[in-house]
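Here is the structure we will look at.
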Amino acid sequence: MNLDRVVNIEDLHRAAKRRVPRAAFDYFEGGVEDEHGLARNEHVFRDVQLLPRYLVDVAKIDQTAPLFGRTYASPFGIAPTALGGLLRPGADLMLAEAAAGANLPYIMSGLSTARLEAAAQAAPEHAWYQLYGARDRRISEDMIRRARDAGMPGLVFTVDTPAVSKREREIRNRFGQPRMPLRLRLEALRHPAWLAAYFRMGKPVFENWVPYCRPGATADDVIALLRENFPMDGHTWRDVETFRRLWPRTFVLKGLLHPDDAVRAAELGVDGIMVSNHGARQLDRAPTPLEMLPTLRDAVGGKLALMLDGGVRRGADVVVALALGARFVFVGRATAYGVGAFGLPGAQRAIAILQNEIELTLKQIGCTHLAQLGPHILRRPGFGTLHGPAGG
């Protein structure tokens, strides 16, 4: 498929799947255990309908969105995606560049294959950093220092990885093991463009962890260090307090689903919460972020910024999340598919598709700006409208 024939995110998904070998693609596409949560993350959006209003002047639509003192071109950004270099060499910085060019925020994964300093340079004022808490707290504290010194405006502490989850696709593929099954090695031969880039650039390295290894460390040495420091099963709210003290700018917790945790975060001075189930990659029976969003909104109100990620594949999904109380939405797989399939132009196309769909959706429901969104525009089959004030 050529890029000029791409009309939606699913087209990018199919194109990326054709280009990237199965073992690598399963890492990005897969969930945990039976992957019921992965399906629910997407299906829950489809269960909510938008109630259109017509005979409204919608000639001019404003989808700009304020967040943490900055106004972005649209109400969504790029969520952290680990191991971007496995999709394509340089993928992390391509995503950063695409976000900055579109005036959107980009969250660099703590398991990226480029350095945070490079992301800060590629996307000044737009690149945030995702922190995975290391068992060696000195590593976490130094990463916070590096992100601060690089001028990154936001730190996103991901808290929903207290255990190594049972991602069965990865287990069957022996992902991360020295030798994958022969059938997968043979399958990779059907993806010559990906293979050529892989052999030219070598095995992707978790670059942000290299400074904590011995000089001359290999990719496998870095992986060994990561295994020593994960999972973050010993982290508690004390670590949140420590990281909050160390970080002078916007501080966000990613992965909360329980309202009591949201209240605790607000009490500790957290600036925002990303309601998330880690893309359904940690707990298969966790509720979807969209289902929990109204509950967390009721628990913390305007005390902090509520954001959401998980399952977003259409611009209409973004509108639904905003109507239910999200101030901002982040997408991960959608832009990963774009960069995996076509590089920087693919990431740019993913952003443009979502922006266009948001505008079309707002026009169809008779809303000219985001402040007009609220539960009153939503309807669930058999239950009528979800009553609530405008300005959600």
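The values are calculated or read from the model by the stated rules, or taken from the named source; none is laboratory data. As the structure is a prediction and not an experimental result, all values here were calculated from the model. Using ideal geometry, Cβ is built from the backbone for each residue, glycine included, and neighbour counts are taken over all protein chains shown.
Details
- Filtered residues of region 267-308 (kept if at positive phi and modelled with pLDDT of 95 or more): Gly269, His278, Gly279, Ala280
- Breaking point among (1) over 15 Å from the mean Cα position of the chain (by Cα); (2) at positive phi, for Leu50: (2)
- Qualifying helices (runs of 4 or more DSSP H) (wholly inside region 146-250; at least 2 residues being of a type in the set (Gly, Ala, Ser) and in contact (Cβ under 8 Å) with a residue 40 or more places away in the chain): 192-201
- Look at region 264-282: where a residue is within 16 Å of Val240 (Cα to Cα) and a partner is among the acidic types (Asp, Glu) and surrounded by 23 or more Cβ atoms within 10 Å (Cβ to Cβ), sitting 6+ places away or on another chain with Cβ atoms under 8 Å, you get Met274/Asp309.
- Hey, Ala98 of a type in the set (A, V, I, L, M) and closer than 29 Å to Tyr198 by Cβ or not: yes
- Just one of the listed residues (Val312, Val339, Val329) is over 21 Å from Pro66 (Cα atoms), of a type in the set (Val, Ile, Thr) and in contact (Cβ under 8 Å) with a residue 12 or more places away in the chain, and it is Val339.
- Some residue of region 37-46 being surrounded by 19 or more Cβ atoms within 10 Å (Cβ to Cβ), on the phi < 0 side of the Ramachandran plot and of a type in the set (Phe, Trp, Tyr): yes
- Val329 meets each of the listed conditions (1) under 22 Å from Leu3 (Cα atoms); (2) of a type in the set (Val, Ile, Thr); (3) under 17 Å from the mean Cα position of the chain (by Cα) apart from (1).
- Candidates Ala99, Ala24, Ala79, filtered to the one that is surrounded by 21 or more Cβ atoms within 10 Å (Cβ to Cβ) and modelled with pLDDT under 95: Ala24
- Across region 302-338, the number of residues qualifying as among the acidic types (Asp, Glu) and part of a helix (DSSP H, G or I) comes to 1.
- Within region 287-317, the residues that satisfy the criterion of being crowded, with 24+ Cβ neighbours inside 10 Å and within 13 Å of the chain's Cα centre (by Cα) are Pro289, Met307, Leu308, Asp309, Gly310, Gly311, Val312.
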